[in-house]
1. Does at least one position in region 246-256 carry a residue that is over 30 Å from Leu147 (Cβ atoms), surrounded by fewer than 15 Cβ atoms within 10 Å (Cβ to Cβ) and in contact with a Gly (Cβ under 8 Å, 6 or more places away or on another chain)?
2. Are there any pairs with C-beta distances below 7 angstrom linking a residue in region 162-183 that is under 18 Å from Phe132 (Cβ atoms) to a residue that is among the charged types (D, E, K, R) and open to solvent by less than 40 Å² (accessible area, probe 1.4 Å), with the two at least 6 apart or on different chains, and if so which?
3. Please count how many residues of region 153-209 are open to solvent by less than 70 Å² (accessible area, probe 1.4 Å) and in a loop (DSSP other than H, G, I, E, B).
4. In this structure, is Lys645 among the charged types (D, E, K, R), in contact with a strand residue (DSSP E or B) (Cβ under 9 Å, 6 or more places away or on another chain), open to solvent by 60 Å² or more (accessible area, probe 1.4 Å) and under 15 Å from Phe700 (Cα atoms)?
5. If the Cβ limit is 8 Å and pairs must be 6+ apart or interchain, which residue in region 704-715 that is aromatic (Phe, Trp, Tyr) pairs with which residue that is at pLDDT 90 or above?
6. Is it true that some residue in region 544-565 is surrounded by 20 or more Cβ atoms within 10 Å (Cβ to Cβ), farther than 23 Å from Glu678 by Cα, at pLDDT below 85 and in contact with a Lys or Arg (Cβ under 8 Å, 6 or more places away or on another chain)?
7. Would you mind stating whether Tyr627 is in a loop (DSSP other than H, G, I, E, B), within 28 Å of the chain's Cα centre (by Cα) and either at pLDDT below 85 or not hydrophobic (A, V, I, L, M, F, W, C) (or both)?
8. For region 354-463, list the strands (runs of 3 or more DSSP E) that sit wholly inside it and hold at least 3 residues that are surrounded by 20 or more Cβ atoms within 10 Å (Cβ to Cβ) and more than 22 Å from the chain's Cα centre (by Cα); which are they?
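The values are calculated or read from the model by the stated rules, or taken from the named source; none is laboratory data. Everything numeric here is computed off the predicted structure, so don't read it as measured data. When we count neighbours, we look across all protein chains shown, and the Cβ atoms used for this are built from the backbone with ideal geometry, even at glycine. In case anyone asks, the SASA skips ligands and DNA or RNA and just uses the protein heavy atoms, side chains included. Shrake-Rupley method; radii C 1.70, N 1.55, O 1.52, S 1.80 Å.
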Amino acid sequence: MYLTLSWRNIPTAKTLFVMIFMAGIGLIVSIVALLYLSLHLISTKTNEIDEHRTALSVQGAIQTSVNRVSSLVIDNAVWDDAVRELYSPKLDTEWLYNTWGAGFKINNLYDGTFVLDEHFNVLWGSFQSQPFTENDLSFFGDGLKALIDKHSNALSKEKNIYAGITRTRHGVAFIGIGLVRPMVGPLQVSGDMRRYLVITRHLNPQILSDLGATFQIDHLNYTPNKVNEMSMPLNSSAGELLGYLNWQARLPGAQAAMAASSDITQIVTLAAALILLFILVSSVGLYKLARGESQARLVARTDWLSHLPNRRALIEALEQVSLRGDIDVKSVVFIDLDGFKDVNDIYGHSVGDDLIIAIAKTLRERVPPGGMLARMGGDEFAMTIGGDRAEAQASAFAGAVLDFLNAPIRLGDRTIHISASIGIASGTLIECTSSELFRRADIAMYHAKMTGKGRVTHYDAELNSAREQQLALEDQIRGGLERDEFDVWYQPIIDARSQKMTSVEALVRWPRRPQGEIGPDAFITIAETSGLIYKLGQFVLHRACSDLEPFGDLKLSVNISPAQFRDPEFEDKVANVLDITHFPANRLQLEVTETYVLENPERARSAIVNLKALGTAVALDDFGTGYSSIGYLRRFNFDTIKIDKSLAGLVDNDEQAAALVSGTVRIANALGMAVVAEGVENEKQMKLLRLAGCDQLQGFWFSQPMPIEEIIELRQVRQC
């Protein structure tokens, strides 16, 4: 019988079989090599990244210790009682010891306190709660001398506190010095009389262990000599080498590689078996199997409500502690929920109340013994705790809260996603009042919210300064809107084929700021967090529509902030602007970032439907910078995809970026969406993006953003 698919009846079957067999073996070898080489490369890079992160953490740990000493000097030197005692004709050594000398035994924040005169000679000192009898500075080493030599003039003029590192006769120490001065007003003493407070904290294994635990550094230790290549030199304020800090590398890459090795082996075995089976069956079977193996994959958190103590109960409890003269350290953890307003806007206030009840219940379960949890109002909670381990317990509680809120919260049939910004402040109620402690925690929380949300921030003096600057810029933005200091500039969007200007993107500028012009990156975020973005966004939309209305065939794109998009009245405000300016809705395109779409899918989908009903187009901005998904592109039915310049700007020197751009264009075409490539900076990029199928192009190659008058002149040139 004649067998059609028999090898012997196909003239080239043997050759084909040999080719397929060799290709199969080569494929097996390639897969094995690629998988293990990739695993080795990822392991090595992961280890390098972790080593670099750990080195930065070590630097941060040392700087934190220096900052703590500096804070201690501030808290103790800037004090009216200290001024009264230290500038009296005769020093009260008993007061000095009870105030500073006994602190070593009480809280171990420092091991030495010393008072220097205007010539920087030691008037009084206590080291490890024992009297210090030396008069000169030889005990303190070159580090303190360097600080004094460099900053003696500033120190005498009450300007700053200085801290650093030195080698004392007792060992390596963090050291700080500052002028003893009143809390308010200038120092009023006769002549050149000065008193300086010096605080030391010597490096020891316990401090290193605590720093290691705080900054997640394994086996942090100090040695006089260099141990290995990762050893970090520790220099004094005088520049002398004091020794080296060492730690144990965690090698997460190697651990991950070892954990994945068995899975890799299974993958390799399975791949080899499939390939061999394919070879043994036939070239036809191999083809079918290969085709069957080629498949696509989709990538798919006593108050009447919470029954917790309220704000007043918490503050009164702290004030009672203060009246008793409790000198224990108190820590305040201030929690503000991120995205709670969205929950109320999307699901209603009843669901928001249920969410507060659920979160309060879980937070109560995580409060450490001796702690007190309160709901401060709205979406804010606070927890206070005291004792020797207050700071550590506060940090652990904050971490547990973040872990809980990072997971979805189930409320009946709904799954709610929410996070939190958390601030922590610590101190004794002798050093600062309860209200001041809360203020510091609130500042730290605000910083956490400003730097990305979903994180914990500890208070330090720099945060206070940053917050003041933030508030100042908020006032400037508010005044700038009232005084017409802002302007709208435009950047052309060019048709990829005809090279003509078909549209412009509106971009806000602040050219008439009295303090000097600053870029949008410096004020947009502040406008969003302060709520000023609503007014600023309306200004941009209204001005842009008014400017472009006379030019009938020129379309307009306007960026919409996530804060604007969350506004339930946003669509009505857009319609109102279009009505006032007589700007045709079909010439307007609003751009929204994919981050907001993913975080608030229901509100986003509703808003997009309403905006498209007005006749406006909606574009997905910054595509390629987040978790782009075909599924949500189909779900939200955007008119345009704007490929971010971080991807489109690499097509001329990155093959992977070029492939991703081409893939994006094909997906967009399949979904009936136009594609705009941002960040075009040279002719080669322009040509490659045009060849890739992009419909429109935008970037400095064509034009930088410019005022309306100049954009119209440029349009006339490009239309010729």
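1. no
2. Correct list of pairs: Val180/Arg195.
3. Number of matching residues: 13.
4. When the stated conditions are applied, Lys645 passes them.
5. No pair meets every condition.
6. no
7. yes
8. 372-377, 380-386
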